[in-house]
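Here's the structure, in C-alpha cells; my notes come after.
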Amino acid sequence: MIEKLRMKQRLILETALKLMFGGYYEDATVDSVSSYLQLESEKVKQHYVTDEDLRMSAMKYAAFIWVDQVKADLEKQETKKCKLYALIRHYISGSQSHPQSLSLYVDIWKKIRSLETEDRELLSSELSEIYRYYVSFFQEAMRDIYDNESEYDMEQLAWIMVVVSDGFHIQSLVQTQQLNFDRITQTFSKMLTS
C-alpha cells in the first residue's frame, strides 16, 4: 500500500497524522491539512474527498508503517524464539513506541458510539479493516515462525493478541510506571512455546 502512494499523498497523510497526534482525531480535516501544507483544499480532495476518508486513510497508513517496522525488526532476528519474542513485544508494548495512537483509537470508538446507524456501520467497517490487517499480519508472522506447523488456531490467537494489545495500551495510560513490558512479553512467549 505505502509503495503505491505518491509523495504528495504521503505528505497529506503524514500531516493528517501529525494534526491528530497533536490533538484529536477530528482535528485532521481536508481544510486543516490544506492550510498546514499551504495547498488549495481541492488538491487534497483529489485524493481524499471527505474529512473521514482523510482521517481513516491516515490511520490505515499509520498501520502499514507500523507493520513494516515490525517486519523489518523480525527480519533482523536470528532465531525463531527471538522472532516470536520480538513479534509479541511489538504487540504488547506498542503504546510505548506510539503512545498517541491509543488516544486516536479511543476518539474513533467514541465517535462510532455517537453516530447514526449507517454512519456508525461505515466507520466501524473502516476501523475493523485496520484491526483485520493487524490480525492478518500476526497470523502471517506466526506461520513463518512456526513454519505452518502449529497446533494453534492462528486466527483466534491473532485476535486474542490484538485485543490484549489494546488492553495493555489502555493499562499503560493508567499504570505507566508499573507495567513491565519485558516480563509480560516473556510470559506470552513462554505460553506460545510451551
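The values are calculated or read from the model by the stated rules, or taken from the named source; none is laboratory data. All of these numbers come straight from a predicted model, not from anything done at the bench. Counting neighbours? That spans all protein chains shown, and the Cβs are built from the backbone with ideal geometry, glycine included.
Might you check whether a residue that is farther than 30 Å from A28 by Cβ, free of Cβ contacts under 8 Å to residues at least 40 places away in the same chain and of a type outside the set (F, W, Y) occurs anywhere in segment 86-105?
Within segment 86-105, one or more residues are farther than 30 Å from A28 by Cβ, free of Cβ contacts under 8 Å to residues at least 40 places away in the same chain and of a type outside the set (F, W, Y).
Does any residue of segment 33-51 turn out to be closer than 26 Å to V174 by Cβ and touching a residue at least 24 places away in the same chain (Cβ under 8 Å)? Don't jump to the end; show me each part of the working.
Initially, segment 33-51 is screened for residues closer than 26 Å to V174 by Cβ, giving none.
There is no residue in segment 33-51 that is closer than 26 Å to V174 by Cβ and touching a residue at least 24 places away in the same chain (Cβ under 8 Å).
Residues in segment 54-62: is at least one closer than 25 Å to V135 by Cβ, free of Cβ contacts under 8 Å to residues at least 60 places away in the same chain and out of contact with any helix residue (DSSP H, G or I) (no Cβ under 7 Å at 6 or more places or on another chain)?
The initial filter retains those residues of segment 54-62 that are closer than 25 Å to V135 by Cβ, namely 54-62.
Still in the running and free of Cβ contacts under 8 Å to residues at least 60 places away in the same chain: 54-55, 57-58, 62.
Subsequent filtering for residues that are out of contact with any helix residue (DSSP H, G or I) (no Cβ under 7 Å at 6 or more places or on another chain) retains none.
Checking segment 54-62: not a single residue is closer than 25 Å to V135 by Cβ, free of Cβ contacts under 8 Å to residues at least 60 places away in the same chain and out of contact with any helix residue (DSSP H, G or I) (no Cβ under 7 Å at 6 or more places or on another chain).
Are any residues in segment 159-181 without any contact (Cβ under 8 Å) to a residue 24 or more places away in the chain and either among the hydrophobic types (A, V, I, L, M, F, W, C) or part of a helix (DSSP H, G or I) (or both), and if so, which ones?
Result: I160, V163, G167, Q171, V174, L179.
Is it the case that E3 is loosely packed, with under 14 Cβ neighbours inside 10 Å and modelled with pLDDT of 95 or more?
Numbers: loosely packed, with under 14 Cβ neighbours inside 10 Å: yes; modelled with pLDDT of 95 or more: no.
So E3 fails the test.
For segment 138-153, which positions are surrounded by 11 or more Cβ atoms within 10 Å (Cβ to Cβ) and over 19 Å from Q69 (Cβ atoms)?
Within segment 138-153, R143, Y146, S150, Y152, D153 qualify.
Under the condition of being polar (S, T, N, Q) and not in a helix (DSSP H, G or I), which residue from segment 30-51 is surrounded by the fewest Cβ atoms within 10 Å (Cβ to Cβ)? Talk me through it step by step, then tell me what you get.
Initial filter on segment 30-51 (polar (S, T, N, Q)): 32, 34-35, 38, 41, 46, 50.
Keeping just the survivors that are not in a helix (DSSP H, G or I) gives 38, 46, 50.
Numbers: Q38: 6, Q46: 12, T50: 11.
So, considering only residues that are polar (S, T, N, Q) and not in a helix (DSSP H, G or I), the one surrounded by the fewest Cβ atoms within 10 Å (Cβ to Cβ) is Q38.
Within segment 172-194, track down each residue that is farther than 16 Å from M142 by Cα and loosely packed, with under 14 Cβ neighbours inside 10 Å.
Result: L173, V174, Q175, T176, Q177, Q178, N180, D182, R183, T187.
Residues of segment 154-171 being surrounded by 12 or more Cβ atoms within 10 Å (Cβ to Cβ), more than 14 Å from the chain's Cα centre (by Cα), modelled with pLDDT of 85 or more and more than 21 Å from C82 (Cβ to Cβ), which ones?
Listed by number, the residues that qualify are E155, I160.
Return yes or no: is Q77 at pLDDT below 95 and closer than 20 Å to D144 by Cβ?
Values: at pLDDT below 95: no; closer than 20 Å to D144 by Cβ: yes.
Considered against the rule, which asks whether it is at pLDDT below 95 and closer than 20 Å to D144 by Cβ, Q77 comes out as no.
Would you be able to say whether some residue in segment 90-108 is more than 14 Å from the chain's Cα centre (by Cα) and among the small types (G, A, S)?
The answer is no; no qualifying residue exists.
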